[in-house]
Amino acid sequence: MENIKVDAKGMDCPFPLVKFKKAIDAAEPGQMVEIEFTCPDTTVSIPGFCQDRGIEIVEFERGDGMWTIVARK
């Protein structure tokens, strides 16, 4: 089962969260969703969404002007 990759770089909120929600809804149980984004507000919205729904965040990294979150459905 491959990771689902979502590219939300350059998008303003709420679009990264919307794309993440679509990907996580389409994922199989146990499958990973990886999103890359540049909107600082998303560093709060995606973890909050995951916490509310019991979705595990496996990785949360800040890179050069962007962030990556990997979550397991």
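Just so it is clear, none of the values below were taken in a lab; they were calculated from the coordinates. Note that the coordinates shown come from a computational prediction; the quantities given were computed from them, not determined experimentally. Virtual Cβ from ideal backbone geometry, glycine too; neighbours counted across all protein chains shown.
So the values come out like this:
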{"read-out": "In Hz, Karplus ³J(HN,Hα) per residue of region 55-63 (6.51, -1.76, 1.60; θ = phi - 60°; x = Gly, Pro)", "value": "8, 7, 8, 8, 8, 8, 10, 10, x"}
{"read-out": "Principal-axis tilt of helix 15-26 within the chain, Cα atoms, nearest 10 degrees", "value": "10"}
{"read-out": "Spacing of the two label points (7 Å from each Cα toward its C-beta) at R53 and K9, in nm", "value": "2.5"}
{"read-out": "For peptides 25-33, 13-21, sequence by mean Cβ density within 10 Å, most packed first", "value": "13-21, 25-33"}
{"read-out": "Folded to 0 to 90 degrees: helix 42-53 orientation relative to the chain principal axis, Cα", "value": "20"}
{"read-out": "Per-residue [θ]222 nm for the chain (sum of -39500 (n - 2.57) over DSSP H runs n ≥ 4, rounded to 500)", "value": "-10000 deg cm²/dmol"}
{"read-out": "Cα gyration tensor shape for the chain, rounded if a/c is under 1.5, else prolate or oblate", "value": "prolate"}
